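Report on one structure; see the data block that follows.
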Amino acid sequence: RPAPPTTTPVPTHRRANTAATTRAHPPLTPTPTTTPPSPTPSPTGRRDHPQPPRIPRVQWPYRPPPAGVIVVAVTFPARERPVAPMLDPFGLEVLGREQCLELLATAGIGRVVFTTRGLPAVQPVRFVLADDAVNFGAPAASPLFVAAHDGVVAFEADAFAPDLGSGWWVTVLGRARATRERARAWPASTADDRWIRIPLEVVSGRRLVG
């Protein structure tokens, strides 16, 4: 008869450690994994995936609509904002070049400001606005002709209401030139007159706002 197996007694502290280890680390159990379903194949053999939104294509060049189709286009007029006039420090409206020339063409008499014998002088003259210049006549022996011949002068014309409630004035600066050619629509003058042209180099104007 075989002898019974001998068992080696386990120390008490080992028993306690084994029990604690068993309680602290439970046995690992495998977690079941799920496989995502594969896309359902379409009848054409392609997999169905979500498609981005389709943007309509624009035909170019433009093709008119077919006969019988009426295309109605509605447009709204843009609102025009009133433009406030530009004022100078004295509260007068500043005129542009085109406005100055339009007003200057309506006047027939102006004043030429020049220098004679070292002093300023003013001479009223009849003038015509033609050939992009102010044209007027002056006697050959006059101080105006001597001073205005190849000299920088100023010219001014204006118009005001009788009550002075409204009006305008325009100033022209330029180097005057003497010429023997008459300007277009030149008024009647004496035989000894010489013609002086002031080119429209610097033009400025103001309007009295009532």
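Values as computed for the structure displayed
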read-out	value
Mean Cβ neighbour count within 10 Å, used as a protection proxy, ranking 139-149, 197-207 highest first	197-207, 139-149
Label-point separation in nm, D163 to E93, each point 7 Å along Cα→Cβ	1.7
Inter-label distance for D131 and A67, nm, one decimal - labels placed 7 Å from Cα along Cα-to-Cβ	6.5
Efficiency of FRET between V152 and A107 - r from beta-carbon atoms, R0 22 angstrom, step 0.05	0.50
Under the Karplus curve 6.51 cos²θ - 1.76 cosθ + 1.60, θ = phi - 60°, whole-Hz ³J(HN,Hα) for segment 160-175, x wherever Gly or Pro sits	9, 6, x, 8, 6, x, 8, x, 8, 8, 10, 10, 10, 10, x, 8
Segment R79-S142, extension gain: residue separation times 0.36 nm, minus the distance between their alpha carbons	17.0 nm
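Only the coordinates and a few stated rules stand behind these numbers; no lab work does. Just so it is clear, the model here is predicted, and its values are computed rather than measured. A quick note on method: Cβ atoms are made from the backbone with ideal geometry, for glycine too, and the neighbour counts reach across all protein chains shown.
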